[in-house]
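Below is one structure, written out as structure tokens; comments come after it.
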Amino acid sequence: MAIKKFMYVNRKPPYGTVYALESLEVVLIGAAFDQDVSLAFIGDGVYELTKGQNTDAIGQKNFSPTYSALGDYDVTKIYVEKESLEERGLTLDDLQHLVWEDEDDDWAERDSIRLVSRAELADVMAEQEIILSF
Amino acid sequence: MKISIQVNEGPYQRQASDTAYQFTKAALAAGHEIFRVFFYHDGVNNATKLAVPPQDDRHIPKLWSELSKENNLDMVVCIAAAQRRGMMDADEAKRQGFEDNNLIEGFRISGLGQLIEAGVESDRLVVFGA
């Protein structure tokens, strides 16, 4: 199977609609296909990565711990848009610390999250072959 | 051109399914190949055989079903999304202990891998809704 550049763009808060959860399900299943995968979090989508989520009061499953498994699925490029964070009064410290282990460097831990500007993210998007937006 | 379609919204509440249907029909008429139509999120509800819209309105599931029959379209309903929303084919209904299934002819239920494969195998993946 050919390898294409897939980007999953996450634009919605984690709860309120099912898009965030069902986006993550595509990413996890898609990881088995050895494609060149990256994720982008923009707009309210940045809330998906916030740490300390507690869903007790809304009776829904807190699926946010699953993001920390992405590294094990070889999903190592997670772009977070700087402006989207700032517009919401958030910083990188409000997000989960997502890492992956570099097989070529004695399994050294590397950061998965890449903080990029809106303009930089547009360039990354322009390089993609398949963009799935949620 | 080889094209795949992703439908992310159910019938009627939003126009995405209608637009996807019209696009698919137009693409076929223009001589393009439709590799697959993949139904995800509430889009799985387009596959219901239990819809009874008013007679003067379009019957969206039936339109898809007929388009599939006429053009031998591969129309896939995501199993994970379908299970949540109560859409099932005969096999799945039996497995879950239900008396009947609710999938209209022309659709089949399969996994998300079919979406990834559609992306890889097609020249374009065109997404409707969400």
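Within the stretch B:96-112, track down each residue that is at the interface with chain A (Cβ under 10 Å from one of its Cβ atoms) and exposed (fewer than 15 other Cβ atoms within 10 Å of the Cβ).
The one that is at the interface with chain A (Cβ under 10 Å from one of its Cβ atoms) and exposed (fewer than 15 other Cβ atoms within 10 Å of the Cβ): B:G111.
Answer yes or no: is there a residue in the stretch A:55-66 that is within 19 Å of A:I113 (Cα to Cα) and in contact with a Phe, Trp or Tyr (Cβ under 9 Å, 6 or more places away or on another chain).
So far as the stretch A:55-66 goes, no, none of its residues is within 19 Å of A:I113 (Cα to Cα) and in contact with a Phe, Trp or Tyr (Cβ under 9 Å, 6 or more places away or on another chain).
Considering only residues that are closer than 19 Å to A:I29 by Cβ and of a type in the set (V, I, T), which ones fall in the stretch B:65-106?
Once the filter is applied, which keeps residues that are closer than 19 Å to A:I29 by Cβ and of a type in the set (V, I, T), the stretch B:65-106 yields B:V76, B:V77, B:I79.
Quick check on my filter: what residues within the stretch A:4-22 are farther than 16 Å from A:T76 by Cα and facing chain B (nearest Cβ under 10 Å)?
Correct list: A:R11, A:K12, A:T17, A:V18, A:Y19, A:L21, A:E22.
Grab the strands (runs of 3 or more DSSP E) fully contained in the stretch A:3-122, keeping just those with 3 or more residues being in contact (Cβ under 8 Å) with a residue 12 or more places away in the chain and over 29 Å from B:S122 (Cα atoms).
Passing ranges, in order: A:99-102, A:113-116.
Taking the conditions exactly as written (of a type outside the set (G, A, S), open to solvent by 20 Å² or more (accessible area, probe 1.4 Å) and in contact (Cβ under 8 Å) with a residue 40 or more places away in the chain), does B:N72 satisfy them or not?
Against the criterion (of a type outside the set (G, A, S), open to solvent by 20 Å² or more (accessible area, probe 1.4 Å) and in contact (Cβ under 8 Å) with a residue 40 or more places away in the chain), B:N72 does not qualify.
May I ask you to verify whether B:N45 is buried (at least 23 other Cβ atoms within 10 Å of the Cβ) and among the polar types (S, T, N, Q)? Steps first, please.
On the way: buried (at least 23 other Cβ atoms within 10 Å of the Cβ): yes; among the polar types (S, T, N, Q): yes.
For B:N45, the condition - buried (at least 23 other Cβ atoms within 10 Å of the Cβ) and among the polar types (S, T, N, Q) - is met.
Each row is one residue, and each column tells you yes or no for (1) out of contact with any Ser or Thr (no Cβ under 8 Å at 6 or more places or on another chain); (2) of a type in the set (V, I, T); (3) within 14 Å of chain B (Cβ to nearest Cβ).
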residue	(1), (2), (3)
A:A32	yes, no, yes
A:G43	no, no, yes
A:G52	yes, no, no
A:T55	yes, yes, no
A:I58	yes, yes, no
A:F63	yes, no, yes
A:Y67	yes, no, no
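The values are calculated or read from the model by the stated rules, or taken from the named source; none is laboratory data. Everything quoted here is computed from the prediction, not taken from an experiment. With ideal geometry, Cβ positions are generated from the backbone for all residues, glycine too; neighbour counts draw on all protein chains shown. When the accessible area is computed, the model is the full protein with side chains, heavy atoms only, and any ligands, DNA or RNA have been set aside. Shrake-Rupley method; radii C 1.70, N 1.55, O 1.52, S 1.80 Å.
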